[in-house]
Amino acid sequence: MTTNQPPQAADRSGGGAPDARQLRGILIAVSIALMAVIASVSGLNVAQTHMAVEFGASQNTILWIINIYTLALAALLLPLGAIGDRLGRKPMLIAGLGVFGVAGVAAGLAPTAEVMLAARVAGGIGAAMIMPITLAVITSTFPEEERGTAIGVWTGVAGGGGILGMFLSALLVDVADWRWLFVLPVVLTVGALAMTLKSVPDSRERSAHRFDTVGALVSAVAVAGLIFVLQEGPERGWTAPATLISLAAGLVAAIGFVAWESHRRDAALLDVRLFRERGLAGGSITLLVVFGVQAGIAVVLFPFFQAVLGWSGLLSTLALMPMAVMMMTTSGLAPKLAARIGSRSTMAAGIALAAVGLALMALFVSADGGYLTILPGMLAMGIGMGLSMAPSTEAITSSLPREKQGVASALNDVTREFGTALGVALLGALLSAGYRGAVDDRLRGIPQGLADTARAGVANAVEAAGSAGPHAQDLVHAARQSFVDGWQQAMWAGVAVMGALFVYIALRGPKTPPPRLPQGPLQSRTASASTSTSTSGSKR
């Protein structure tokens with residue numbers, strides 16, 4: 001089933017194709033908008049203690065303040081992406097930036113935890129209006145020969161922006177106040193809004209079919225239910241009633257969504273038959289795994305930096321920057337490499353490098369050796385993820401027709417969010433299990449109360465060491481070495497997952513299109529005549 005047909009009808013304001021200067025303006029606008037959204041995902045993690053003290057809130061409430069943003073964002077991506085295709089991508093982006101900016105101001109001034117929760121929900125809704133449109137604007141406005149490079153920049157911001165946003169957030173908390181965390185997204189939003197009004201052209205797609213309201217609602221329930229399970233399962237317990245109810249609701253809604261969309265076929269919000277194609281399936285699975293591993297790595301790295309090495313939050317986020325820089329740099333280079341050797345080979349090479357990075361960290365991590373024992377693995381991970389993300393994103397967007405680019409972009413984003421939640425839940429659980437399994441044998445001779453505290457986690461053990469007297473050194477040593485054991489278990493699990501993904505992509509990855517032959521005089525005249533015919537036909 002082919003999907004690269006032109007839309008049934010499309011309204012595009014602004015006359016002809018954008019020139020090079022306008023394309024740069026478009027890319028800057030959507031990149032700034034995307035950075036604002038991504039920075040707000042992880043920024044509040046560095047301010048949990050400050051919010052708990054100021055609001056007098058429980059840890060559960062603080063986690064809801066952090067997670068409700070991602071939950072609202074993920075649940076509404078598909079519906080709002082599709083609405084943006086129909087109503088106009090520029091108006092949707094402007095409206096989303098407006099909602100997001102107002103929500104950021106409200107969160108920064110929130111007097112209570114309840115107001116903060118409401119502001120974070122509104123911010124998630126605004127983010128869901130922005131995020132899929134940023135990529136859809138690129139795929140609908142950039143010419144084919146430049147689209148891959150633009151998508152590479154977009155994926156670099158999407159992948160490395162979270163780490164950069166976390167670093168800037170930690171810096172603001174250290175030098176100012178936690179409420180200044182919202183200044184950065186609001187400033188980025190204002191800049192993106194100005195650039196959007198100036199540079200981004202409007203585009204919208206007309207469809208012969210009515211909007212798939214049922215599919216939109218069911219998809220929101222499915223995504224919200226399953227993301228809730230992954231976010232809350234580790235905290236509440238995987239067999240807690242709320243977790244099981246959410247899992248059941250999410251699975252039933254997901255099955256219902258597939259059945260409904262199969263029935264709607266060409267009128268569907270997302271034609272599920274398209275997953276038979278290698279590009280859509282391979283790109284989605286790759287992003288799911290790569291972002292899952294990236295998020296899981298962050299869960300492992302932060303306790304290592306802070307509890308094992310004794311670093312501050314700011315220094316810990318700074319330590320992640322080499323990986324983020326490598327990721328953002330190679331994301332921009334990946335489309336050029338894919339044009340030379342093919343998308344499948346580029347994705348496979350990136351996946352292999354990421355697996356090598358995980359293996360290096362598992363083999364050489366050491367509490368005594370410190371940061372330098374994991375730096376080579378982090379760099380290999382950054383390069384590998386950068387090489388695999390851009391071709392995967394382009395495989396997804398090119399698998400859906402032009403009139404569905406908002407949906408394609410939203411699918412790309414939903415896959416990222418699922419991968420992130422899944423990676424945090426699974427690699428975090430493996431790390432905890434490995435730590436608990438290793439620490440018991442090292443706690444012999446340590447008083448029972450101190451030993452029980454140490455079993456809760458490496459950070460608890462380090463904190464308890466202050467009052468452990470003569471047992472302090474043994475307690476810290478046991479906790480740190482056990483954390484390294486849990487680290488290795490999590491890393492080898494990541495290697496196994498990446499290995500399975502490598503085999504899948506090598507066998508079933510996106511097919512490489514035939515190379516474009518350079519045009520001679522005859523081909524140039526033929527192409528020119530064809531373009532002229534197409535243009536005159538569109539005017540009739």
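Between ALA242 and HIS209, with labels modelled 7 Å along Cα→Cβ, what's the label distance in nm to one decimal, could you check?
Rounded to a tenth, the inter-label distance reads 3.7 nm.
Ignoring ligands, DNA and RNA, please state the percent of accessible area on region 275-344 from carbon and sulfur, probe 1.4 Å.
67 percent
Cross-link candidates for LYS404: which aspartates and glutamates have Cα within less than 17 Å, leaving aside residues fewer than 8 places away along the same chain?
Excluding near neighbours in sequence, the set is ASP11, ASP85, GLU144, ASP202, GLU205, ASP212, GLU261, ASP266, ASP271, GLU277, GLU394, ASP413.
If you place +1 on the Cβ of every Lys and Arg and -1 on the Cβ of every Asp and Glu, how big does the dipole about the Cα centre of the chain come out, in debye to the nearest 20?
Magnitude of the dipole: close to 1900 debye.
Using the scaling law 2.2 N^0.38 Å as the reference, what is the normalised Cα Rg of region 282-439?
So the Cα radius of gyration is 1.11 times the expected 2.2 N^0.38 Å.
If you put +1 on each Lys and Arg Cβ and -1 on each Asp and Glu Cβ, how big is the dipole of region 238-355 around its Cα centre, in Debye rounded to 20? Before the final figure, lay out the partial values.
Values: 8 positive and 4 negative charges, 75 e Å.
Charge dipole, region 238-355, about its Cα centre: 360 debye, nearest 20.
Given 20 Å bins starting at zero, what is the percent of C-alpha pairs of the chain in each, up to the one with the largest pair distance?
Going from the shortest bin to the longest, the percentages are 21, 55, 21, 3, 0.
Please identify every one of the trypsin sites (Lys or Arg not before Pro) in region 161-265 that sits in a loop by DSSP and has no more than 13 other beta carbons within 10 Å of its own beta carbon. Walk me through the numbers on the way to the answer.
Values: sites: ARG179, LYS198, ARG204, ARG206, ARG210, ARG236, ARG264, ARG265; in loops: ARG210.
Answer in residue order: ARG210.
With a 1.4 Å probe and every protein chain left in place, work out the accessible area per residue of the chain in Å², rounded to a whole number. All intermediate terms of the calculation are to be shown ahead of the outcome.
On the way: 22740 Å² over 540 residues.
That works out to 42 Å² for each residue.
Along the principal axes of its C-alpha atoms, what lengths does region 405-491 span, in descending order and rounded to whole Å?
Extents along the principal axes: 63, 22, 16 Å.
Rolling a 1.4 angstrom probe over the protein chains, ignoring ligands and nucleic acids, what is the accessible area of ASP368 in square angstrom, nearest 10?
Roll a 1.4 Å probe over it and ASP368 shows about 140 Å².
What percent do you get for the relative contact order of the chain when only Cα pairs under 8 Å and 6+ apart count?
20 percent
Rule-of-thumb check for region 290-382: C-alpha Rg over 2.2 N^0.38 Å?
With N residues counted in region 290-382, Rg over 2.2 N^0.38 Å equals 1.16.
For MET92, tell me the accessible area in Å² from a 1.4 Å probe, rounded to the nearest 10.
Taking all protein chains as shown, MET92 has close to 20 Å².
Please report, for the Cα atoms of region 335-409, the Rg to one decimal and the Dmax as a whole number; what are they, in angstrom?
Over region 335-409's Cα set, Rg and Dmax evaluate to 16.3, 56 Å.
Quick one: dipole size for region 367-418, taken about the Cα centre, charges +1 on Lys/Arg Cβ and -1 on Asp/Glu Cβ, in debye to the nearest 20.
Magnitude of the dipole: close to 160 debye.
Hey, any idea what % of region 361-469's accessible area is carbon plus sulfur with a 1.4 Å probe?
Its accessible area is 59 percent carbon and sulfur atoms.
Quick one: how many Å² of LYS90 are accessible to a 1.4 Å probe, rounded to 10?
Here the accessible area works out near 40 Å².
Taking the convex hull of the alpha carbon atoms in region 444-489, what volume per residue do you get, in Å³? Provide the component values of the computation, followed by the final result.
Details: hull volume 2.8 nm³, N = 46.
Cα-based convex hull of region 444-489, divided per residue, equals 61 Å³.
Using a probe of 1.4 angstrom, how much of the accessible area of region 56-103 is carbon and sulfur, in percent?
Exposed carbon and sulfur together represent 74 percent of the surface.
Treat each spin label as a single point 7 Å out from the Cα along the C-beta direction, and report the LEU507 to VAL121 distance in nm.
4.6 nm
Distance in nm between label sites at GLN48 and PHE364, each 7 Å beyond Cα in the beta-carbon direction?
3.0 nm
By how many nm would the segment from GLU114 to SER58 lengthen if fully extended, with 0.36 nm per residue of separation less the alpha-carbon distance?
18.9 nm
So what is the 222 nm mean residue ellipticity for the chain from helices alone, if each DSSP H run of at least 4 adds -39500 (n - 2.57) and you divide by all residues, rounding to the nearest 500 deg cm²/dmol?
When only DSSP H runs of four or more count, the value is -26500 deg cm²/dmol.
For region 412-452, which trypsin sites (Lys or Arg not before Pro) are in a loop by DSSP, counting at most 13 other Cβ atoms within 10 Å? Kindly include the intermediate steps, with their values, before the conclusion.
Numbers: sites: ARG416, ARG436, ARG442, ARG444; in loops: ARG444.
Hits after loop and neighbour filter: ARG444.
What FRET efficiency do you get for ARG455 and ASP177 if R0 is 30 Å and r is their Cβ-Cβ distance, rounded to the nearest 0.05? Before the final figure, lay out each step's value.
Working: r = 35 Å, r/R0 = 1.18.
Between ARG455 and ASP177 the formula returns 0.25.
If the viscosity is 1.306 mPa s and the temperature 10 °C, what Stokes-Einstein diffusion coefficient in µm²/s follows for region 180-284 when Rh is the Kirkwood radius over Cα pairs?
Taking Rh from Cα pairs, D becomes 92 µm²/s.
With viscosity set to 1.002 mPa s and temperature to 20 °C, compute the Stokes-Einstein D of region 139-204, Rh being the Kirkwood radius across alpha carbon pairs; µm²/s, no decimals.
It comes out at roughly 151 µm²/s.
To the nearest 0.05, how large is the calculated FRET efficiency for LEU309 and VAL102 if R₀ is 35 Å and r is the Cβ-Cβ distance?
Numbers: r = 40 Å, r/R0 = 1.15.
With R0 = 35 Å, the Cβ-Cβ based efficiency is 0.30.
Given q = 0.26 Å⁻¹, what are the Debye log10 I(q)/I(0) values for region 99-182, with equal point scatterers placed on the Cα positions and solvent ignored?
-1.18
The values are calculated or read from the model by the stated rules, or taken from the named source; none is laboratory data. On a predicted model such as this, the values are computed, not experimentally measured, just so you know. Because the Cβ atoms are built from the backbone with ideal geometry, glycine has one as well, and the counts that use them run over all protein chains shown. Keep in mind that these areas ignore ligands, DNA and RNA; they rest on the heavy atoms of the full protein, side chains included. Shrake-Rupley method; radii C 1.70, N 1.55, O 1.52, S 1.80 Å.
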